[in-house]
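Inspection log for the structure reproduced underneath, given as structure tokens.
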Amino acid sequence: MIVPDAPPGLSPGASPGLTETAPPTTVQNLPPAGISWDPPAGDLFTADPISQAATVGAIATLVSHCTKCRLCEGRTHTVPGEGPDDARLVVVGEGPGRVEDETGRPFVGPAGELLTKILAAIDLPRDRVFICNVVKCRPPENRQPQFDEIAACLPYLHRQIEIVKPKVILAMGNTAAQTLLNAKQSLGSMRNHVHRFRGIPVIVTYHPAALLRNPNWKRPTWDDVRIARRLLD
Ligand code: SF4
């Protein structure tokens, strides 16, 4: 299938969109294969409640009581993620920001609005996508989550992906990409490849918050999400 160009509704000069930087050409070929990683799968025969959780709602309940790392101390709400259990696309970001912490919802506020527009531009209503973060509680002052915090929280993300079984994962930002792919490469070097997480294609791109700071990254982001769209079809 030919992936559509950004719809005319996302006009230049409007609040952040993609049309002003989106190239008119279509993606002809998928990029080459990149990193593939198969982390240990959960053992269904253990009593681990995360492994036993059968729905993303059950994961959200576990997250709501979680005190496995220091990020629980400053949170207002946990932000487990939202979207259907059978979503074909999973979007993974870094962690909740201020508005997410206040509302308990992922990717809200200006970066979230931009993500909603990005998804709409590839004909994916936001409510058909499962959207989450690597860590489910807000790091203080929006700092990057630390290694031990990511390690403590990662089983939730792994189980969410196991439950949803998406056709494609879109990793937005360095933390999401490096965590999902167990890699240390820069985001720039991981872009433009089709990576694998437990066999599921992973596309790496910029975080919407980074796009708000640097509009020059909108064009490469548009290229990336069109690749994700092609893999969904
Ligand atoms: S960030 Fe994750 S591991 Fe840490 S307290 Fe929150 S839910 Fe638990």
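Read the figures in this text as sums done on the coordinates, not as results from a lab. Because the structure is a prediction, the values reported are computed rather than measured. Here the Cβ is made from the backbone with ideal geometry for all residues, glycine too, and neighbour counts use every protein chain on show.
Would you mind checking region 153-171 for residues with the amide N under 14 Å from a putative spin-label position 7 Å along Cα→C-beta of D86?
Under 14 Å, as judged by backbone N against the label point of D86, lie 164-167 of region 153-171.
In nm, give the distance between the simple-model label positions of L30 and D127, each being 7 Å from the Cα along the Cα-to-Cβ direction.
Rounded to a tenth, the inter-label distance reads 3.1 nm.
Which order results if E100, E141, E162 are arranged by neighbouring Cβ count within 10 Å, fewest first? Working shown, then result.
Working: E100 25, E141 7, E162 15.
The order, fewest Cβ neighbours first, is E141, E162, E100.
For G109, which sequence-distant residues (separation of 5 or more, or a different chain) have an amide H within less than 5 Å of its own amide H, given hydrogens modelled in the peptide plane?
Those qualifying (amide H under 5 Å, at least 5 residues apart or on another chain) number zero.
Can you sort R213, R159 by how many other beta carbons sit within 10 Å, fewest first?
Working: R213 10, R159 23.
Placing the least packed residue first, the sequence is R213, R159.
Would you give the gap between the C-alpha center of region 63-77 and the C-alpha center of region 119-168, rounded to a whole Å?
About 16 Å separates the Cα centre of region 63-77 from the one of region 119-168.
Tell me, in nm to one decimal, what length is gained between A58 and Q144 on full extension, where the rule is 0.36 nm per residue of separation less the Cα-Cα distance? Can you show the working numbers first?
Values: separation 86, 0.36 × 86 = 30.96 nm, distance 2.65 nm.
Between A58 and Q144, full extension yields 28.3 nm more.
Using +1 at the C-beta of Lys and Arg and -1 at the C-beta of Asp and Glu, which of A177, V225, P139 has the Cα lying farthest in the positive direction of the dipole of region 132-233?
V225
Dividing the Cα radius of gyration by the Kirkwood radius, what Rg/Rh value follows for region 110-233? Could the numbers behind the result be given before it?
On the way: Rg = 13.9 Å, Rh = 15.0 Å.
With Rh from the inverse mean 1/r over Cα pairs, Rg/Rh is 0.93.
Looking only at region 111-142, which residues have a backbone nitrogen under 17 Å from a spot 7 Å from the Cα of C72 in the C-beta direction?
135-140
Among 219-231, 65-77, 86-98, how do they line up by average Cβ neighbours within 10 Å per residue, starting with the highest?
Values: 219-231: 20.8, 65-77: 14.9, 86-98: 22.9.
Highest to lowest by the protection proxy: 86-98, 219-231, 65-77.
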